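Undergrad: Structure below; questions to follow.
The values are calculated or read from the model by the stated rules, or taken from the named source; none is laboratory data. Fair warning: this is a prediction, and the values are worked out from it, not measured in the lab. All Cβ positions, glycine included, derive from the backbone under ideal geometry; neighbour counts span all protein chains shown. With ligands, DNA and RNA removed, areas are computed over all heavy atoms of the protein, side chains included. Shrake-Rupley method; radii C 1.70, N 1.55, O 1.52, S 1.80 Å.
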Amino acid sequence: MPEDKLSKIVAFCRRRGFVFGGSEIYGGLSSIWDYGPLGAVLKKKIKDVWWDTYVLGREDIVGLDSSLIMHEDVFRASGHLEGFSDLLVDCPGCKKRFRLDKLEKKDKHAYRCPECKKDIDIEKSKPRKFNLMLKTNLSATEDNPNYAYLRPETAQGIFVNFANVLNTTHKKLPLGIAQIGKAFRNEVTTGSFIFRMKEFEQMEIEYFVHPKKAAQAYQYWVNERFNFYLEKIGLAKDNLRLREHAKDELAHYAKSCTDIEFNFPFGWSELEGVANRGDFDLTEHARVSKKDLSYFDPETNERFIPFVIEPSAGVDRTFFALICNAYHEEEVKGKLRTVLKLKPSLAAFRLAIFPLLKNKPDLVELAKNIFYDIKNKVSVVYDDSAAIGKLYRRQDEIGTPFCVTVDVDSLTDKCVTVRDRDTMQQTRVSTDKLFAFIQEKTN
Ligand code: GAP
């Protein structure tokens, strides 16, 4: 995937109302983005597929919706206060600040500045630790602060509610607790669109198991999540790969971790991490909160702290990967056609309806009647604001799988022309069979 694809995708997302810059009319904020009308629909569909698959579709997983603002002690226990930081270094040339681990190393002490290409000698420009968590003050006065933190991962909301969930659901292990929600990190590396944001959304499962079953569950989740991207999101196999973390790369809580990587326009990068967090989190929260977070197995009479396997996915990265994967440009009759080859179930509209001629009131009326007839059954859009060729292109670009045109013949033969987004083939379908036709083709 060439690098210039990134600028094309950013421009496309803006032009069609998928993604806008955050606080744009005031000059924007770095690494903060807003989702427009079509972006909001696509994002919700991604979350729904995940939730339906894991929370509604399974007996062994329950959902949770915990708060974004959390007690300071949560992060004392989780290790984030101490350990969730990047080493940053200032370039003496351009004065910009960079993450040390993202710089190109020249020799023992020298790194190359990615902006001005000057050498950064870390003996002179000493790297400093910078905590990624966003702090907020819950006190009404500035002089008597009561600090709390915006969670940097949804996971901590799950760990602190582990006992609540067990006691109220009476579920047995293995048990997954799933959550979708915002997370916040004061990221320094910028410029990769929605890949790295300061405010983003995660879809996380903490899957609690007996320590002896952790290795097996870990393998299961790596495969399960890889297949989810292929089958449910429709990413191409060639654009996906697994990468196991080396020991020195592991987060402070992880025993092992495998990234599911996608071939983004700037190269292979993490889409999701599947980690074996061992008993680190429950043990630490039990220690700091002085609450019992062990599990008692009534069948074996054994009491233990469960291990946890964590498939942790980013909503925004899935969205980004999906757009990159689906975005196609092709030449049709000497003109460029942009088409978003989304799975029909993820497209904002299953079909679009147009009258061939908008100055013919009876065609407009028939097209609108078909639209209102089908509207309650399937997502559909009506448009008569341009010539037919342009209307097709608009729908191709946003991934609508079928366009329906109502023409003069439709008034007498009660049939419409249905055009397929990918093949551009046209089929004549009777209006009373239109819904069944779309159902069959898009389910
Ligand atoms: N609970 C584990 C955890 O948070 P992570 O690898 O730091 O692990 C998991 O994050 C996923 O969250 C990533 O694979 C990515 O999809 C998403 N993510 C993390 N940081 C992000 C950011 N700054 N912007 C967008 N997505 C992010």
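Undergrad: Set the Förster radius R0 to 41 Å, insert the Cβ-Cβ distance between K291 and E123 as r into 1/(1 + (r/R0)^6), and round the FRET efficiency to 0.05.
TA: Values: r = 47 Å, r/R0 = 1.14.
For R0 = 41 Å, the calculated efficiency reads 0.30.
Undergrad: With all distinct Cα pairs included, what does the Kirkwood hydrodynamic radius of region 86-131 come out to in Å, to one decimal, could you say?
TA: Numbers: mean 1/r = 0.0977 Å⁻¹.
Result for region 86-131, one decimal place: 10.2 Å.
Undergrad: At a 1.4 Å probe, what is the % contribution of carbon and sulfur to the accessible area of region 86-131?
TA: Values: 1590 of 3230 Å².
In region 86-131, the share of accessible area belonging to carbon and sulfur is 49 percent.
Undergrad: Here is a further query. Separation between the K105 and L87 pseudo-spin-labels, each 7 Å from Cα along Cα→Cβ, expressed in nm?
TA: Label-label distance for K105 and L87, simple model: 0.9 nm.
Undergrad: Name every cysteine in the chain that ends up alone, with no second cysteine's Cβ under 4.7 Å, or say none.
TA: C13, C257, C324, C403, C415
Undergrad: Would you grab the residues whose amide H sits under 5 Å from the one on L134? Only those 5+ places off in sequence or on another chain, please, with H modelled 1.01 Å from N.
TA: Counting only residues 5 or more places away or on other chains, the set is L150, N186.
Undergrad: Long-range amide H contacts for G22: which residues qualify at under 5 Å (H placed 1.01 Å from N, peptide plane, sequence gap of 5 or more or a different chain)?
TA: Here L29, I32, W33, D34 satisfy the definition.
Undergrad: Mind listing the long-range amide H neighbours of A183? Cut-off is under 5 Å, sequence gap 5 or more, other chains count too, H placed in the peptide plane at 1.01 Å from N.
TA: Those qualifying (amide H under 5 Å, at least 5 residues apart or on another chain) are F200, E201, Q202.
Undergrad: Mind telling me which of I46, I309, I370 comes out most flexible in a GNM of the chain, alpha-carbon contacts under 10 Å?
TA: Among I46, I309, I370, the largest GNM mean-square fluctuation belongs to I370.
Undergrad: Give me the Debye-computed log₁₀ of I(q)/I(0) at q = 0.07, 0.08, 0.10, 0.13 Å⁻¹ for the chain, equal point scatterers on Cα only, no solvent, two decimals.
TA: Log-scaled intensity ratios, in q order: -0.45, -0.58, -0.85, -1.21.
Undergrad: Give me the distance between the Cα centres of region 380-429 and region 273-335, rounded to whole Å.
TA: Comparing the Cα centres of region 380-429 and region 273-335, I get a distance of 42 Å.
Undergrad: If you don't mind, there's one more thing I want to ask. Among A214, S410, T136, whose Cα sits farthest toward the positive end of the charge dipole of the chain (+1 at Cβ of Lys/Arg, -1 at Cβ of Asp/Glu, about the Cα centre)?
TA: Ranked along the dipole, the leading option is S410.
Undergrad: Taking one equal scatterer on every alpha-carbon of region 206-257, how large is log10 of I(q)/I(0) by Debye at q = 0.13, 0.18, 0.20 1/Å?
TA: Reported log10 I(q)/I(0), two decimals: -0.41, -0.74, -0.86.
Undergrad: Can I ask one more? So, for the chain, what is the accessible surface per residue at a probe of 1.4 Å, expressed in square angstrom? Don't skip to the end; give the middle numbers.
TA: Numbers: 21890 Å² over 443 residues.
For the chain, the solvent-accessible area averages 49 Å² per residue.
Undergrad: Over the chain, calculate the relative contact order: mean separation of alpha carbon pairs under 8 Å at least 6 apart, over the residue count, as a percent. Write out the running numbers ahead of the final one.
TA: Details: 800 pairs, mean separation 55.3, N = 443.
Relative contact order comes out at 12 percent.
Undergrad: Any chance you could look up the accessible area of D119 with a 1.4 Å probe, heavy atoms only, rounded to 10 Å²?
TA: Result for D119: roughly 80 Å² accessible.
Undergrad: Find the eigenvalues of the gyration tensor of the Cα atoms of region 1-148, then list the square roots of 5 times those eigenvalues as equivalent ellipsoid semi-axes, largest first, in whole angstrom. Don't skip to the end; give the middle numbers.
TA: Numbers: eigenvalues 232, 150, 71 Å².
In descending order the semi-axes read 34, 27, 19 Å.
Undergrad: Using a 1.4 angstrom probe with every protein chain in place, what is the largest-first accessible-area order of K333, K43, K247, K102? Don't jump to the answer; show the numbers that get you there.
TA: Details: K333 200, K43 25, K247 160, K102 110 Å².
Greatest to least solvent exposure: K333, K247, K102, K43.
Undergrad: I'd like the FRET efficiency for D422 and D362, computed as 1/(1 + (r/R0)^6) with the beta carbon distance as r and R0 of 56 Å, rounded to 0.05.
TA: Numbers: r = 32 Å, r/R0 = 0.57.
Using R0 = 56 Å, I get an efficiency of 0.95.
Undergrad: Computed on alpha carbon atoms, what radius of gyration and Dmax characterise region 290-369, expressed in Å?
TA: 26.8, 78
Undergrad: DSSP loop (so not H, G, I, E, B), at most 12 other Cβ within 10 Å: list which GluC sites (Glu not before Pro) in region 197-299 pass both filters.
TA: E299
Undergrad: Please give the length that would be gained between K441 and Y372 if that part of the chain were fully extended, namely 0.36 nm times their separation in residues minus their C-alpha to C-alpha distance (nm, one decimal). Provide the component values of the computation, followed by the final result.
TA: Numbers: separation 69, 0.36 × 69 = 24.84 nm, distance 2.05 nm.
The span from K441 to Y372 would gain 22.8 nm if fully extended.
Undergrad: Could you give the size of the charge dipole of region 349-442 about its Cα centre, using +1 on the Cβ of each K and R and -1 on the Cβ of each D and E, expressed in debye and rounded to the nearest 20? Let's see the in-between values first.
TA: Values: 15 positive and 14 negative charges, 36 e Å.
Magnitude of the dipole: close to 180 debye.
Undergrad: Work out the length of the dipole vector of region 251-346 about its Cα centre, built from +1 on the beta-carbon of each Lys and Arg and -1 on the beta-carbon of each Asp and Glu, and round it to the nearest 20 debye.
TA: On the way: 12 positive and 16 negative charges, 87 e Å.
Computed charge dipole of region 251-346: roughly 420 debye.
Undergrad: Once the convex hull of the C-alpha atoms of region 130-185 is built, how many Å³ does it hold per residue, rounded to a whole number? Let's see the in-between values first.
TA: On the way: hull volume 6.7 nm³, N = 56.
In region 130-185, the Cα hull volume divided by residue count equals 120 Å³.
Undergrad: Using a 1.4 Å probe, how large is the accessible area of W268, given in Å² and rounded to the nearest 10?
TA: 90 Å²
Undergrad: From the C-alpha gyration tensor of region 349-442, pull out the three semi-axes of the equivalent ellipsoid (sqrt of 5λ each), sorted largest to smallest, in whole Å. Walk me through the numbers on the way to the answer.
TA: On the way: eigenvalues 61, 48, 30 Å².
Output for region 349-442: semi-axes of 17, 16, 12 Å.
Undergrad: So how do K124, K237 rank on accessible area, 1.4 Å probe, biggest first, that is with the largest at the start?
TA: Working: K124 165, K237 135 Å².
Largest accessible area first, the residues go K124, K237.
Undergrad: Moving on. Highest GNM mean-square fluctuation, the chain, Cα pairs closer than 10 Å: which of L42, L100, L351?
TA: Judging by the Gaussian network model, the answer is L100.
Undergrad: Starting at the first residue of region 183-192, write each ³J(HN,Hα) from the Karplus equation 6.51 cos²θ - 1.76 cosθ + 1.60 with θ = phi - 60°, in whole Hz, x for Gly and Pro.
TA: With coefficients 6.51, -1.76 and 1.60, one gets 9, 10, 9, 7, 5, 9, 5, 10, x, 10 Hz.
Undergrad: Pairs of Cα atoms under 8 Å, at least six residues apart: use those to get the relative contact order of region 1-69, whole percent. The partial results should precede the final answer.
TA: Numbers: 40 pairs, mean separation 13.4, N = 69.
Computed over region 1-69, the figure is 19 percent.
Undergrad: Okay, next question. For region 86-131, what is the charge dipole size about the Cα centre, in debye to the nearest 20, if Lys and Arg each add +1 at the Cβ and Asp and Glu each add -1 at the Cβ? Don't jump to the answer; show the numbers that get you there.
TA: Details: 15 positive and 9 negative charges, 21 e Å.
Dipole about the Cα centre, nearest 20: 100 debye.
Undergrad: Using the Karplus curve 6.51 cos²θ - 1.76 cosθ + 1.60 with θ = phi - 60°, what ³J(HN,Hα) values do you get for each residue of region 407-422, in whole Hz, with x for Gly and Pro?
TA: Working through the residues one at a time gives 10, 4, 4, 4, 5, 9, 8, 6, 10, 10, 9, 10, 10, 7, 4, 7 Hz.
Undergrad: Still on this structure, please answer the following. Run the accessible area of region 349-442 with a 1.4 Å probe and give the carbon-and-sulfur part as a rounded percent.
TA: Working: 2360 of 4720 Å².
Accessible surface attributable to carbon and sulfur in region 349-442 totals 50 percent.
Undergrad: Follow-up. Let me check something: with ligands and nucleic acids excluded, how do S78, S385 order by accessible area (1.4 Å probe), largest to smallest? Mind dumping the intermediate values first?
TA: On the way: S78 0, S385 70 Å².
Correct descending sequence by accessible area is S385, S78.
Undergrad: Which residue, H210, H80, H71, has the most motion in a Gaussian network model of the chain that connects Cα atoms within less than 10 Å?
TA: H71
Undergrad: Express the C-alpha Rg of region 213-293 as a ratio against the empirical globular expectation 2.2 N^0.38 Å, rounded to two decimals.
TA: Numbers: Rg = 15.4 Å, N = 81, 2.2 N^0.38 = 11.7 Å.
Region 213-293 yields a ratio of 1.32.
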